[in-house]
Structure formats: C-alpha cells, structure tokens
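Written below as structure tokens is the structure these notes are about.
The values are calculated or read from the model by the stated rules, or taken from the named source; none is laboratory data. Note that the coordinates shown come from a computational prediction; the quantities given were computed from them, not determined experimentally. Cβ sites come from the backbone with ideal geometry, for glycine too, and all protein chains shown count toward neighbours.
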There are 2 protein chains.
Amino acid sequence: MADRVTIVDVAARAGVAISSVSSALNGRPGVSEATRARIVKAADELGFVPSLRGRSLSGKKAFAVGLVVHRDPDVLELDPFFASFIGGIESHIDGPGFALVLQIGSDPGEMLDRYRRLAADNRVDGVFLSELETDDPRVPLVRELGLPAVGINAEPGFSMPVVRQDHEAGIRALVSHLVDGGHTRIAFVGGPRHFIHSAQRERAWRDAVESHGLTPGRFVEGGFTYAGGADAADTLLSGGERPTAVLCANDLSAIGFMSEAAHLGFEVPRDISVAGYDGIQLGAYVHPALTTITTSPRRLGFEAARMLLELIDGRRVPDTVIEPAELLVRASTGPVSD
Amino acid sequence: MADRVTIVDVAARAGVAISSVSSALNGRPGVSEATRARIVKAADELGFVPSLRGRSLSGKKAFAVGLVVHRDPDVLELDPFFASFIGGIESHIDGPGFALVLQIGSDPGEMLDRYRRLAADNRVDGVFLSELETDDPRVPLVRELGLPAVGINAEPGFSMPVVRQDHEAGIRALVSHLVDGGHTRIAFVGGPRHFIHSAQRERAWRDAVESHGLTPGRFVEGGFTYAGGADAADTLLSGGERPTAVLCANDLSAIGFMSEAAHLGFEVPRDISVAGYDGIQLGAYVHPALTTITTSPRRLGFEAARMLLELIDGRRVPDTVIEPAELLVRASTGPVSD
DNA sequence: TTGAAAGCGCTACCAA
DNA sequence: TTGGTAGCGCTTTCAA
C-alpha cells in the first residue's frame, strides 16, 4: 500500500499552501479560478482523497449516522422493514460521504446505553428513531445528549422532526373494500400496543369501521409475528361469533393467520377474508395471495436521511409526509359468501 | 452540551502530563501505581471518555469494521442470515469499542467501489466477506487494498482467514434419514451455483446420496427464494418420474416448495418429503413444520468478528470451524408411503 | 488572493 | 517514572 496522499502533497505539487488546497477543494471562496484549477488538477493527478479522520478531528463531525435496531435478531429475521429502510438511508447518505453505523440488540436497558456511547464517542452525528413507542425513553435521551434525531412514523406534533407515511387512507380503503363486499364483522389482529405505529393502525381500523356505521369487531394481539397471527386465528375462529373478515397489523401475522385458518379447515377468502399491512414480497406468493396495504420503507429511509443530514448541518427541517400507503387487493379478500 | 472533557483536563486535574494520562489509561507501563491511581480517579471524576477521533487520527485506526451486503433489499427482506450474523458480530466488537458500518447495495459494479471507498476513507479497519462466489472479485480487491478481511463459509485452503460451519454432516444425516425412510429418488432444489455455499450444499447432497449407492435425483435451481422453490415444485412434481423426497438449499425455497406442492394437490410428507436448510423461525410454524438443517449465523458472526479484530491487531489467525449444522427432523419428512 | 500557523485530541517517542 | 513535544491530516483564522 502506497503512502497516503495528503493535503500537503497536493499543496506541494500545486505550489500553494495547504489552506488554499482546503479552500479550493471545499468550494470555499477566496481562491482565484486559476489557482483552484491548478489545485484540482494536482489533486486529481495524485489521486487525493481527503482523510475522513483529519476532517473529523478538525471539523468535529463523524460523517456517520446511527441506527439502533431494538429487536431480537430472531424476530428481525422476517422483518421486511429494515433492509429496505437501510437501503433508502444509504441511497441518500452515500453522496455526502456519510456512512451508516448499525447496532442490533434486544436488551432494552442496554439499548439506551448504545445511544449514549454513540454520542459519547462522537461515533455518529445523528440517529434515526424507528419503532417508536409511547413515552419512548429515547426521545428525552437524544435531547439530553444533544444528538440530532429523526423519528419514523410518529404522530404529527411529535417533539422531533418526523417522516411519516399516512396509514389511514389505506386502511380506510381496505375497510371500504370489505364493507362493499358485504362484511359487517371485521376483526383486527394488532401488534404490541406500546408501539406507536401499532396503535395507529388499530385506531385507523376502528375509525374506518365506525365511519361505515358498523361496530368494530374483536381485537386480538398478534405481536407482529407469524406465530401470533396463527394464535389469533385460533382465537377468532373458534369463538361463537366469527368475524367474516380480519385485518392484521402486518403481513407476517396475516400469513400466519391464513395458514392456521387453512389448517383449521377454513377456506380463505370464502370463509373469512384476510388482509395484511406492509406489502412484503412473500404476500404475493402465499395461497391465496395476500391483500395488503403497501408501505414504502425505502422511501422513508431516504427522506429520514435527507432530514437528518440537514439537521446535522444545523438547519431546521419541517416534518415530511410521503405518499400514503396504498391498498393492494389480491386474492385473500372477497365478498361475504353465505 | 457541556464542553468535551479532554485528556488535557484530566492531566491538569491529576497534576501530570498528558502523556502520562495516555499511558496510564491505556495500561501501558512506565507509570507508577500511585500516579496511575490518581489519574484514573481524575478521569472518573471528570467523566473522561477518550475521543475516538483523536485516537483514530493518531493511532491510524478507525475502530470500525465493515459489512457490505450485496443483495437487493427486496430479496434481503426474508433473509434469516444477516440479522443474526450482525448480532453475533456486535456481541464481540462491542467490548473492544468497535462499531459496525453496514452498507447494502444491489448494483454489482458499485459494490466493489464501496469496498474501495471504505478503504480509501479509512472508514473501517477490516471487512467481512459473506456470500462468497467462485472467483469472487472482492478477494483480490481487499488484498490489493491491504484491507484485513475474514471470509464466511468458504472452502478450506481459501486465500484468506475463514470461519466455517460444516454442512456435510447435517446433509449426510438428512439423506440417511430419508434413505432410512425408504426414499430412493431424492431431488435437490439448489441456490444460484456461483455462490460457494450453494455449490457446497449441492455437492454434499450428491455425495451423501451416492454414498448410499443411490443416484442423485433431479436438480432444479430455486434461487434461494420462496418463488423459486414454488417454481421448482411445479417442475419436479409435474414431470414423469417424481421424486419422493426433495432437499432444498434453504428454508425459504423449501417453504415455497411445500406451499406450491399443497396447491397442486400433493400432501407433504405423504406424497413427498420436503426438507430445508438454515433453521429459520418460520419453518417451525408452517404446516407441516419443516425438517431442516439448523445453522448458527450468530456464532459465525461472533467468530468472524473475533478473527477480524485479531487480524487488525496484526496477528495471524487460523481458520475457525464452529459446531456443524445439525439435522432437525420435524413433520415435513417421513417414510415413503405407497 | 495567498500563506502561515494555531488548533482538534490523541499516541508515541525522547529527554529529563 | 515523569514530562515535553512532535506528529496524525485537516479546517479555520489571521496576516501578509
């Protein structure tokens, strides 16, 4: 490995001072066009790449952003969100030369410490807060740490900049689709209620059903997992008043629900319509193909990154709303048959 | 945010030179016990956290390792490997104060550039190379860049340190289990052949089947995906000589295979036994529960991290072999019935 | 417009 | 055993 080319080498080659090189290469004023051109040429010839470390040390920036995923790897295994979300983040931060520091952990206590260490080490210039919970302790923490942060899918009026994808329209469209099909008993398989996005979906379901003059059906917690969805099927399909349709808070629990329903001898959608939320690939392949509401994690990641980099630059950023999640009707929902 | 506490502050408080502080806090010799104690006390009282940047700049280390996932986020969506693998990496690097820089990308050309940039920026001190392919261009690249690297599941005798989990024993056990059940036509649904781990599994299947004096059944490419597994079912179950058992190169394609088989009117395992490879959670919940070979991505991550940090420290490390992948018999395989 | 020099926070070397 | 100091590579201020 050849010795690293430094700003000193460039300055020497261009016959100028290093400060001029710095100014020229960073597009700062105070350098004549001729000099700038000469410096750029020298830098090119030498293959100069500014040292991140030098820049960090003097500029007090890490040129990195952090994402702490608070989730057990086993549960994460089937999660459709993060891979795309991270892809979206990177598609934005790459240009400005930022990198993503990722941490995965399941211990709740330790999680806050991870943010503390990221901040103490100046490892990152800002963080993303996803899977927000009500009274999420990370919110006061990042504030205390002075760590720029962007929240994902929090409520409007949240105490930090937020990027959000509207869920209500999609759920409303789904419920309308079901009501149009003659459904009156529409149940809900929710995620853990302490998650904001979980609660949001439940509320949207209630509101949408009520807006049609109906009473919301039964609610069962499905924990966002395949097994939880299957358990919910056991519960909802055994009891007396069976729903004719069920909306699950995510696709994975909907697929678990369908599988268990089939196992119990019910046919989807003839005996019960099932819908999910997320729009994961798998939903297109299961039998019957899953009706769902398609979200845009990649887009959320991209916008979150854009906002975070602006925050880091010291600018104020308004909340961002991306295109709403959309209803995608496939084969797992249909009209009531009796 | 209060001003950062620096080594200068600690030195002032302890009434010593900063060089002594550095030595004392880094456990280097040349400091008396009394002085060391005084310095530690001062550092504690001040809440001193050494600046990563300062250390990086002067020590020429980034205190970070990199993982570039070369995969389309949509495909990654259901991948069981990376979340656990990353969890394993972190459980080791946390202590030494390293962080993980993650990049996800699907563009093959761009991927090599990512490694180049990670190296040029000195963003990381080393990288993990997973999902190795035959003649993988990353291998010469990291060598050229002088970037320490650890390979995951490559062949013995690979040109860089490797951590490996034996797959042969598990596949042999599975094939024995099938042969014991009277199966003679055992097909294989493979992953893309350019992947080393994919080719390994295929070869192990061939060897195991032949070791029982049988001829390997048909081979179909399932692309490691649910849809690919389903397509493979279409192919294998329609033709004349149907296999009585099929081994899929990963669980996801096995689950797709089972789903499509059911859809085509076949019952698993009565009409055909199906087995996967990986041991993902989902396999426990599908109907029938999937027989599979359980791998240890978390353990691979942990060992890979340990090796990489040693490499970074300039030590030579021998290849590591973790406990072999194990056969887990569930309900999707059974004796031949006719 | 240009250049010199002072940091940024740390490590490591060399003298005292 | 201690302390002083020269880097590490850059940004930024201040003179020239």
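For this structure, a couple of remarks:
A quick yes/no check of all residues on (1) in a helix (DSSP H, G or I); (2) of a type outside the set (Asp, Glu); (3) in contact with an Asp or Glu (Cβ under 8 Å, 6 or more places away or on another chain); (4) surrounded by fewer than 18 Cβ atoms within 10 Å (Cβ to Cβ):
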{"residue": "B:159", "(1), (2), (3), (4)": "no, yes, no, yes"}
{"residue": "B:163", "(1), (2), (3), (4)": "no, yes, yes, no"}
{"residue": "B:171", "(1), (2), (3), (4)": "yes, yes, no, no"}
{"residue": "B:176", "(1), (2), (3), (4)": "yes, yes, no, yes"}
{"residue": "B:184", "(1), (2), (3), (4)": "no, yes, no, yes"}
{"residue": "B:189", "(1), (2), (3), (4)": "no, yes, yes, no"}
{"residue": "B:193", "(1), (2), (3), (4)": "no, yes, yes, yes"}
{"residue": "B:197", "(1), (2), (3), (4)": "yes, yes, yes, no"}
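- Condition met for residue B:234 (modelled with pLDDT of 95 or more, within 14 Å of chain A (Cβ to nearest Cβ) and either more than 15 Å from residue B:275 (Cα to Cα) or not in a helix (DSSP H, G or I) (or both)): yes
- Residue in the range B:203-212 that is closer than 16 Å to residue B:290 by Cβ and touching a residue at least 40 places away in the same chain (Cβ under 8 Å) present: no
- Members of the range A:55-65 found to be near DNA strand D (Cβ under 8 Å from one of its atoms) and surrounded by fewer than 15 Cβ atoms within 10 Å (Cβ to Cβ), listed by number: A:58, A:59
- Candidate set from the range A:12-25 (those that are aliphatic (A, V, I, L, M) and part of a helix (DSSP H, G or I)); member that is farthest from DNA strand D (Cβ to nearest atom): A:14
- Scan the range A:29-49 for residues that are closer than 27 Å to residue B:116 by Cβ, in a loop (DSSP other than H, G, I, E, B) and either touching a Leu at 6+ places or on another chain (Cβ under 7 Å) or near DNA strand C (Cβ under 7 Å from one of its atoms) (or both) and the total you get is 0.
- For the range A:137-157, a residue qualifies if it is farther than 14 Å from residue A:68 by Cα and free of Cβ contacts under 8 Å to residues at least 60 places away in the same chain, and the qualifying residues are A:140, A:143, A:144, A:145, A:146, A:154, A:155, A:157.
- Within the range A:2-11, the set of residues being more than 7 Å from DNA strand D (Cβ to nearest atom) and either touching a residue at least 60 places away in the same chain (Cβ under 8 Å) or away from chain B (no Cβ under 14 Å) (or both) comprises A:9, A:10, A:11.
- Close pairs from the range A:185-202: first among the polar types (S, T, N, Q), partner assigned to a loop (DSSP other than H, G, I, E, B), Cβ under 8 Å, at least 6 apart: A:198/A:191; A:198/A:192; A:198/A:224; A:198/A:249; A:200/A:153; A:200/A:155; A:200/A:167
- Scanning the range A:8-28 for residues that are over 39 Å from the mean Cα position of the chain (by Cα) and within 11 Å of DNA strand C (Cβ to nearest atom) returns A:8, A:11, A:12, A:14, A:15, A:16, A:17, A:18, A:19, A:20, A:21.
- Search result, residues across the range B:26-49 that are away from DNA strand D (no atom under 13 Å from the Cβ) and crowded, with 16+ Cβ neighbours inside 10 Å: B:43, B:48, B:49
- Taken together, A:301, A:279 contain a single residue that is within 12 Å of another protein chain (Cβ to nearest Cβ), of a type outside the set (Phe, Trp, Tyr) and surrounded by 24 or more Cβ atoms within 10 Å (Cβ to Cβ), which is A:301.
- Considering A:240, A:213, A:228, the condition of being at positive phi and among the small types (Gly, Ala, Ser) is satisfied by A:213 alone.
- Only one of the listed residues (B:127, B:163) is more than 14 Å from chain A (Cβ to nearest Cβ), farther than 28 Å from residue B:256 by Cα and among the hydrophobic types (A, V, I, L, M, F, W, C). That residue is B:163.
- Residues that are assigned to a loop (DSSP other than H, G, I, E, B) and either in contact (Cβ under 8 Å) with a residue 12 or more places away in the chain or in contact with a helix residue (DSSP H, G or I) (Cβ under 7 Å, 6 or more places away or on another chain) (or both), drawn from the range B:283-315: B:285, B:286, B:287, B:288, B:289, B:290, B:295, B:296
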